[in-house]
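Below: one structure, written as structure tokens.
The values are calculated or read from the model by the stated rules, or taken from the named source; none is laboratory data. Model, not experiment: these values are computed from the prediction. Here the Cβ positions follow ideal geometry from the backbone for every residue, glycine too, while neighbour counts run over all protein chains shown. Side chains included, ligands, DNA and RNA excluded: accessible areas come from the protein's heavy atoms. Shrake-Rupley method; radii C 1.70, N 1.55, O 1.52, S 1.80 Å.
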Amino acid sequence: MSHQSNFEQYMRKLESTTNIFLKENQPIIIRVDGKGFHDFYKKNFGTHFSIEMQNIMNQSMQFVMSKINDIDFAYTVSDEITFLMMPTASGEYSYNGRVS
């Protein structure tokens, strides 16, 4: 029998207080923005932009898409990745449209 840790119980309680559900038939857009990536770029690649770093961002985007089948489209620019998820043909969302 599984017992939830105190921390897990605490986190679930926090999640339940902030449950938000999307309206039906609206796209879900998830934007992931690198914090402090400008400095990271300069330190590791000597410039604001590099092909190597863009390749890493592309690989990261592809990895996430391979793990979350519901993503319909994604793109990356600089230190940002944007994912698009569309509701199903019946208007339903994955995860019942829950945002957390």
task: Just one of (1) touching a residue at least 60 places away in the same chain (Cβ under 8 Å); (2) in contact with a strand residue (DSSP E or B) (Cβ under 9 Å, 6 or more places away or on another chain); (3) surrounded by 10 or more Cβ atoms within 10 Å (Cβ to Cβ) trips up Met57, so point out which.
output: (1)
Residue that is farthest from Glu15 (Cα to Cα), among those in segment 76-92 that are open to solvent by 90 Å² or more (accessible area, probe 1.4 Å) and either touching a strand residue (DSSP E or B) at 6+ places or on another chain (Cβ under 7 Å) or free of Cβ contacts under 8 Å to residues at least 60 places away in the same chain (or both): Ala89
Condition check for Gly46: among the small types (Gly, Ala, Ser) and either open to solvent by 60 Å² or more (accessible area, probe 1.4 Å) or under 28 Å from Glu92 (Cβ atoms) (or both): yes
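So that you can scan it fast, the table gives a plain yes or no per residue for (1) of a type in the set (S, T, N, Q); (2) surrounded by 12 or more Cβ atoms within 10 Å (Cβ to Cβ); (3) at pLDDT 90 or above:
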{"residue": "Ile51", "(1), (2), (3)": "no, no, no"}
{"residue": "Met61", "(1), (2), (3)": "no, yes, yes"}
{"residue": "Asn69", "(1), (2), (3)": "yes, no, no"}
{"residue": "Ala74", "(1), (2), (3)": "no, yes, yes"}
{"residue": "Ser94", "(1), (2), (3)": "yes, yes, no"}
{"residue": "Ser100", "(1), (2), (3)": "yes, no, no"}
- prompt: How many residues does segment 1-43 hold that are out of contact with any strand residue (DSSP E or B) (no Cβ under 8 Å at 6 or more places or on another chain) and closer than 30 Å to Thr88 by Cα?
  reply: 12
